[in-house]
Amino acid sequence: MQPASEFNKEASAALVVAVKAGDYAAAGEAIRLGADANTVDLPTGRMTPLHFAVSAGRVHTHDPPAFSGSTAAQLTRLLLRYGARAGAGDYMGFTPLHLAAFHNLPGVLDLLLGNLQQQPGRLASLLLLQDSEIKYTPLHCAVEGHHASAVVTLLQAGAAAGLDAKDWTSRTAWNLAAVHELPAGAVMQLALELRTLHTVPVVLRAAAKWPDQVWQLMRAAIASGLVEFVEMLATDIPAVCPRALLVVPWGDVMVDLATRFPDCFKLLIAGLDLVDFHTVVEPFIHGLNFDDEDEEVEEVPSKEHPAQPNSPARGPAMMTCCLLKHV
């Protein structure tokens, strides 16, 4: 890499202007004239041309893009070819990788990761790097930007090693995922395949301060239909997040869990030491409506009202009750 003194200062300044405007031709000309691909723009907090390229010319996170995603990818490719660093931090410590994860412009994140994969140790460290202000990793940024596909891409690249990294509010990326109604089914499926959640406590331990997030994760897991993920949550919630058991969402999450995954429901109920089966759980089961609205609702058999030979009880409810009798 050339010493800074060997770069053309005027060309470097022109490169910043060109990239911020999305002018690919002007950016190429500035580099031809000796611009430094890693020059810093002091007025914008030490952002580099690559910061501007991966965020489509934005200076602030929620600014409108100055140019298209395809232009962003072209500029990113150009800058990387001439030595731009994906790990260069601005004054807050945000790198182009952080911004690429947050904005998730088409192809840009893949370009950065592809470049970094040529330096495996560097890639691993940047995936775990937290900014100096709010302590976000690139994975936090992807979740904050509501980009499930970017989360998948980062996990595939090795970001799973930082799943327990906490931001300044002690939230992990998975805590944010619950807040933003992520992870999507694809993210949870990938997590299972990678075995990044082979022990769900990694996910739940930090969520213990926010019981509602625990149940949001369960809600998302049920909606995804991933029985293995649901089972792991059901097993570990009582042990890892006992506070969540004080605000059990009987009205929606538990109804879905009981009707769709009765075995997992049994696992969760087995850990509810503070909940009495006969006064809380059994009435809850009996109150479930497994029937279509057009059908006659049948009674759940009891000692006072045994099932008649030609009047079968509701199958799912009885199956769940039978499971719970062994808790």
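Numerical summary
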| item | result |
| --- | --- |
| Contour minus Cα-Cα distance for SER68 and GLU133 (0.36 nm per residue) | 20.5 nm |
| Sorted by Cβ density within 10 Å, fewest first, the residues LYS166, LYS20, LYS266 | LYS166, LYS266, LYS20 |
| Gyration tensor verdict on the range 36-138 (Cα atoms; rounded if a/c is under 1.5, prolate if a/b is larger than b/c, oblate otherwise) | rounded |
| Relative packing of 244-252, 123-131, 72-80, which averages over residues the other C-beta atoms within 10 Å, highest first | 72-80, 123-131, 244-252 |
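A short reminder: the numbers here are calculations on the coordinates, not readings from a lab. Because the structure is a prediction, the values reported are computed rather than measured. Don't worry about glycine lacking a Cβ; one is built from the backbone with ideal geometry, like all the others, and counts go over all protein chains shown.
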